[in-house]
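Accompanying notes for the structure given below.
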Amino acid sequence: MKTTADETRRDIDEDIIRERAYLLWLEDGQPEGLADEHWHKARADALGSISKTDPVTTGADATN
């Protein structure tokens with residue numbers, strides 16, 4: 001069964017996003033009030049890494 005790119009994006013594990021957002025927050029010096037910014041950046045990073053490796057979003061043939 002093939003999945004669409006939208007389904008892949010919805011299935012991103014929130015724990016991965018949460019961990020990345022936390023690391024971004026630490027790198028940023030632990031500022032107050034930027035949780036949403038860090039979350040959105042972490043989510044974009046996760047989506048970007050999926051699109052680079054997922055045959056659904058890259059158009060690669062998964063049977064190779």
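The values are calculated or read from the model by the stated rules, or taken from the named source; none is laboratory data. Just so we're clear, the structure is a prediction, and the values are computed from it rather than from any experiment. With ideal geometry, Cβ positions are generated from the backbone for all residues, glycine too; neighbour counts draw on all protein chains shown. The accessibility values were calculated without ligands, DNA or RNA, using every heavy atom of the protein model including side chains. Shrake-Rupley method; radii C 1.70, N 1.55, O 1.52, S 1.80 Å.
Counted by Cβ distance under 11 Å from R20, the other residues give a net charge of -3, where Lys and Arg count +1 and Asp and Glu count -1. A 1.4 Å probe, protein heavy atoms only, puts the accessible area of D15 near 90 Å².
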